[in-house]
Amino acid sequence: MPRGDGSSGKVATACDCDMENRAAQIVKRARIPKRYEHCDFESYVTDLEGGDEYKPGHLLSLKQAKLIAQGFARDYPTATDSGLLLMGNSGAGKTHLAVATLKELLKRGFAGYFCEYGKLLKDIQDSYNRESESTEMSILNPVVNVEVLVIDSLGEIKPSSWILDIIGYVLNTRYAAASRDLSNRRCTIITTNFTDMAAEKQARMPSGKLFVNREETLADRIGARVRSRLYEMCRTVEVFAPDFRREVRQTGRAHA
């Protein structure tokens, strides 16, 4: 290409295909699963054509969540929030928003990493096998050290003392690293199907006796201390809408 300063001679520039390959490699290094590679802000819809109609509250929830995520991706690292906690019912598009935010930050040159909560725990457990080539710390190091981390489906595994120790270590280490050195940034984006309100449902036993079933909260699944830490680390964004995956089956339109 001709030199931009108008001087004689030409310079080499990256072609479009090379830029696309680099972008694909960045996404691959971030461990974003293939099923989420299409997720971006443009493809995140706030309603569906056909199928069940959304209530005004659902539309508002989706639009606000999208605006908050877009604003966070645009303003990071100068934003006042150091992370996002996307909570709400299953299938509302929380993972789509988390991946869209991660991909925008990757485009801006920040290092990122996507991990599924259940898979992370299983990989760590598998590392205890003598035949495994991985170690607990080799699995945890990128999770605790990467600047932008997405943890998907936090709390999906029934908690044990070991699980609480692992998630406590990850989140507390990331928080402490950023607190000691403001230039050592840590951004954590989390999705979860558990909320802070314990809904109660009434059910009737075969004998006819009525009993109340209390749903678990996020604090029940990750521990009260870790939930408290998340108040300091992340802005809570509630996403409540009909299950997109159910709507997809009914309308034939794709959405994560």
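Once phi is turned into θ = phi - 60°, what whole-Hz ³J(HN,Hα) does the Karplus curve with 6.51, -1.76 and 1.60 give for every residue of region 91-105, x standing for Gly and Pro?
x, 8, x, 5, 5, 4, 5, 5, 5, 4, 5, 4, 5, 5, 5
Check which residues have an amide H placed less than 5 Å from A111's amide H, if you skip close sequence neighbours.
E147, V148
So how much slack lies between S127 and R185, counting 0.36 nm per residue of separation and subtracting their Cα-Cα distance, in nm?
Result for the pair: 18.0 nm of gain on full extension.
Per-residue counts of other Cβ atoms within 10 Å, averaged by peptide: what ranking do you get for 141-152, 83-94, 232-243, 161-172, highest first?
Values: 141-152: 20.0, 83-94: 22.6, 232-243: 17.9, 161-172: 16.3.
So the order, starting with the most tightly packed, is 83-94, 141-152, 232-243, 161-172.
Return the sequence-ordered ³J(HN,Hα) values of region 146-162 in whole Hz as given by the Karplus equation 6.51 cos²θ - 1.76 cosθ + 1.60 applied to θ = phi - 60°, using x for Gly and Pro.
5, 5, 10, 10, 10, 10, 9, 6, 4, x, 6, 9, 4, x, 10, 4, 5
Longer than 21 Å from Cα to Cα, which of K66/K119; K66/K122; K28/K119; K66/K107; K28/K63 are they? Say none if no pair is.
Violating the 21 Å Cα-Cα cut-off are K66/K119; K66/K122; K28/K63.
What is the magnitude of the charge dipole of region 77-232 about its Cα centre, with +1 placed on the Cβ of each Lys and Arg, -1 on the Cβ of each Asp and Glu, and no other charges, expressed in debye to the nearest 20?
Roughly 360 debye, rounded to the nearest 20.
Near the amide H of V237, under 5 Å away, which other amide H atoms are found, from residues 5 or more places off or on another chain, if H is placed in the peptide plane?
Excluding prolines and chain starts, which carry no amide H, the hits are L85, L86, M87.
Using a Cα-Cα cut-off of under 16 Å, which aspartates and glutamates could be cross-linked to K55, ignoring same-chain neighbours fewer than 8 residues away?
Of all the aspartates and glutamates, those that pass the test against K55 - Cα under 16 Å, at least 8 places apart if same chain - are D47, E238, D243, E247.
Determine the equivalent ellipsoid of region 62-138 by diagonalising the alpha-carbon gyration tensor, then write out the semi-axes as square roots of 5 times the eigenvalues, largest first, rounded to whole Å. Write out the running numbers ahead of the final one.
On the way: eigenvalues 185, 54, 18 Å².
Semi-axis lengths for region 62-138 are 30, 16, 9 Å.
Laboratory data are not the source of any read-out in this text; all were calculated from the coordinates shown. Because the structure is a prediction, the values reported are computed rather than measured. Methodologically, a virtual Cβ is constructed for each residue, glycine included, from the backbone with ideal geometry; neighbour enumeration extends over all protein chains shown.
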